[in-house]
Amino acid sequence: MPKKIIIAIDGFSSCGKSTLAKALAAKLAYVFIDTGAMYRAIALYFLRNHISFNDQVAIEKALQHIQLHFAYNSATGKSDMFLNGENVELLIREMKVSSKVSEVAAIGSVREFAVAQQQAMGAQKGIVMDGRDIGTVVFPNAELKIFVTADPAIRANRRFLELQATNPAITMEEVAENLQHRDLIDSTREHSPLRQAADALVLDNSHITREAQFELALNWAHERINLA
Ligand code: DC
């Protein structure tokens, strides 16, 4: 039996990290964990319960009432995010959440809460985890770290096409602005800002197909598994 490793995939919003992570996990029979979904579910809880993002006491209290788990959905072949037992997979992708999630993910106590759970999920290895700080903070010793990037205009266009399917009224400007806003907050925040780990392999997918990206990453994974 080959040894199992941890694959950390980081990068900006809408770079195709999840698509790559999901495909790698399926191929290697690893568990895929979308850490952005966790921050989104926490943001949804805060919005629903009118928790002020500046009120540390209210935030810490709210976190005690948040239970997150993923469960496999055989209809979609993906894992759905559950917040206190409710399937919130679709709700957390809505613009209402997207426009606030970076602010929530910048809160130190929220990150501590999420990171502890992420580390527990990876304790047995055999995971592909995507996010912003996986290779730098959550699993600094991950055997394979991939930093995914793509041209901002290409990212905005991809995200626009994705969102248009469920929200035909959405505009390209709205999507591009939201991406810019999130990139800025994610990379300049005080706690665990998005940055490339020194030992990460960079994958710029602006001009390569999904299949080519997958093959490249899979080769890297096999190399690291053989070394493990
Ligand atoms: O990957 P995503 O767009 O679903 O992430 C949602 C937000 O959460 C985004 O603003 C970045 C933040 N995030 C983070 O700070 N750390 C992670 N490990 C994953 C996501």
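Here the dipole of the range 157-228 is about 120 debye; that uses its Cα centre as origin and unit charges on the Cβ of Lys and Arg (positive) and Asp and Glu (negative).
Extension gain for Ala120 to Leu218 (0.36 nm times residue separation, less C-alpha to C-alpha distance): 32.8 nm.
The slack between Ser74 and Ala228, meaning 0.36 nm per residue of separation minus the straight C-alpha distance, is 52.3 nm. For the chain, the share of alpha carbon pairs falling in successive 5 Å distance bins from zero is 1, 7, 14, 19, 21, 18, 12, 6, 2, 0, 0 percent. DSSP assigns beta bridges within the chain; of those with both partners inside it, close to 30 percent run antiparallel.
Restricting the range 3-104 to GluC sites (Glu not before Pro) that sit in a DSSP loop and have at most 16 other Cβ atoms within 10 Å of their own Cβ leaves Glu94. Taking 0.36 nm per residue of sequence separation and removing the Cα-Cα distance, the Asn157/Thr188 pair yields an extension gain of 8.8 nm.
When a 1.4 Å probe is rolled over the protein heavy atoms, the share of accessible surface on the chain that falls to carbon and sulfur comes to 54 percent. Sorting Asp183, Asp151 on solvent-accessible area from highest to lowest, probe radius 1.4 Å, gives Asp151, Asp183. Label positions at Ala165 and Gln56, each projected 7 Å from the Cα along the C-beta direction, are separated by 4.2 nm. Near the amide H of Asp204, within less than 5 Å, lie the amide hydrogens of Thr149, all on another chain or at least 5 residues away, with H placed in the peptide plane.
Spatial offset of the range 71-149 relative to the range 193-212 amounts to 18 Å, using the alpha carbon center of each.
The values are calculated or read from the model by the stated rules, or taken from the named source; none is laboratory data. In this text, all values refer to a predicted model and were calculated from it rather than measured experimentally. Glycine also receives a Cβ, built like all others from the backbone with ideal geometry; neighbour counts cover every protein chain displayed. When the accessible area is computed, the model is the full protein with side chains, heavy atoms only, and any ligands, DNA or RNA have been set aside. Shrake-Rupley method; radii C 1.70, N 1.55, O 1.52, S 1.80 Å.
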